[in-house]
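A short write-up of the structure that comes next.
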Amino acid sequence: MATTKRDYYEVLGVSRGASPEAVKKAFRRLAMKYHPDRNKEAGAEAQFKEVGEAYEVLSDDEKRAAYDRFGHAGLKGFDVGRGFEGTDFGGFGDIFDAFFGGSHAGRSSREAQRGADRRVDVTLKFEEGAFGVEQGVEVERMERCQRCGGSASEPGSKPTRCKVCDGAGQVRRVSRSFFGQFVNVATCAQCRGEGRVITDPCKDCRGAGRFRGSQKLSVKIPAGVDDGSRMRLTGEGDAGVNGGGPGNLYVYISVAPHEFFTRDGEDLIYEVGMNPAQAVLGFEASIPTLEGETESLRIPPGTQSGQIFVLRRKGIPRLQERGRGDLLVRSVVLIPSDITDEQRELLHQLAESFGTPIEDQKGILGKIKDALP
């Protein structure tokens, strides 16, 4: 049975308007409380992961904004919590050690790290969503530096081994007290856990290996997408660190409503209006289609309001499949609110022919007028 995720603000015990400092403080306190190395109680490991996942979202401006607006559903494109799967706590060790130090310190900073995912929103016309379109999008992301190839060093130069930690990326300090010997492991302040020092930083990226840039991409949106659809473009997110692969780009699609069509899955709904005489006697209706053409549809005599007629394969193309939905034509009988005297007389005659005469509603003035020569 699927479990419902708790609200991240509730997990950390902070308000929705909490500052980044308050979020960080709450995380530190709860991470210390539930860390499996410190807390052996049942359920501590799960709570530790829950705290870490909540902090991952609320400490990131983009993720927090998406969560505040859409809740957990707004985080689908960010791969939230993947670093917490399994028993080794994945990337959460890096977050924890950044605050407290420990066995993970200096390890993951030298490892290849995958780039972050990115999101872009596009709005399509109704017909573009139905038949597909090639859409240009502009993406702001972290690009790999072309000059140094992501190494962060000037071409021709190489990083040197850190003399402080001797390339380990972490420093161990042993202290003794009345209670015994304590070993504190912390990230090396000189190389920041890299184990190496860049002596000649790249001039273009200033030793970062990446830079923030903007890239224009052409996205082929397939036929049949609906409002709220999402596409993943593999490898089009942020460039990785230390040789890690790039993240993905998620395209969130909004489709504008149509002037007179309504969509129901792959089917289209169109309402054709008719007056009472047309409904009773039947007529030939001209029905528009998505292609901009018209289809002739015979409305039979005695059609009732709300009756459905089907034009096969005139609906929306099926997403990544063959075939199309149908165009459903719904009849709407329109009752006029203003009629002429002649039309009123004809309706009275019609009512009498059905055996249901209707009292004349002309009133006293109308009767006086009829009495005058």
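The values are calculated or read from the model by the stated rules, or taken from the named source; none is laboratory data. The structure presented is a predicted model; accordingly, all values stated were derived computationally and were not measured. Note that each Cβ is placed from the backbone with ideal geometry, even for glycine, and that neighbours are counted across all protein chains shown. To get the accessible areas, we keep the full protein, side chains included, count just its heavy atoms, and leave off ligands, DNA and RNA. Shrake-Rupley method; radii C 1.70, N 1.55, O 1.52, S 1.80 Å.
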If you check residue 315 against the conditions, is it modelled with pLDDT of 95 or more, out of contact with any helix residue (DSSP H, G or I) (no Cβ under 7 Å at 6 or more places or on another chain) and under 18 Å from residue 127 (Cα atoms)?
yes
Considering only residues that are touching an Asp or Glu at 6+ places or on another chain (Cβ under 8 Å), touching a residue at least 60 places away in the same chain (Cβ under 8 Å) and not in a strand (DSSP E or B), which ones fall in the stretch 267-299?
290
Search the stretch 128-147 for residues being open to solvent by 70 Å² or more (accessible area, probe 1.4 Å) and outside any strand (DSSP E or B), and hand back the single one that is nearest to residue 61 (Cα to Cα).
146
Taking the stretch 234-243 and keeping residues out of contact with any Asp or Glu (no Cβ under 8 Å at 6 or more places or on another chain) and either open to solvent by less than 40 Å² (accessible area, probe 1.4 Å) or assigned to a loop (DSSP other than H, G, I, E, B) (or both) leaves 234, 235, 236, 240, 243
Can we say residue 269 is farther than 30 Å from residue 231 by Cβ, buried (at least 16 other Cβ atoms within 10 Å of the Cβ) and either at pLDDT 95 or above or touching a Lys or Arg at 6+ places or on another chain (Cβ under 6 Å) (or both)?
no
List pairs: first residue in the stretch 123-149 and farther than 17 Å from residue 233 by Cα, second residue open to solvent by 80 Å² or more (accessible area, probe 1.4 Å) anywhere in the structure, Cβ distance under 8 angstrom, at least six positions apart or on different chains.
126/257; 129/227; 145/204; 145/211; 146/204; 147/203; 147/204; 148/204
Which count do you get for residues in the stretch 1-18 that are over 16 Å from residue 67 (Cβ atoms) and open to solvent by less than 70 Å² (accessible area, probe 1.4 Å)?
1
Does residue 173 satisfy the criteria of being outside any loop (DSSP other than H, G, I, E, B), in contact with a Leu (Cβ under 9 Å, 6 or more places away or on another chain), on the phi < 0 side of the Ramachandran plot and open to solvent by 40 Å² or more (accessible area, probe 1.4 Å)?
no
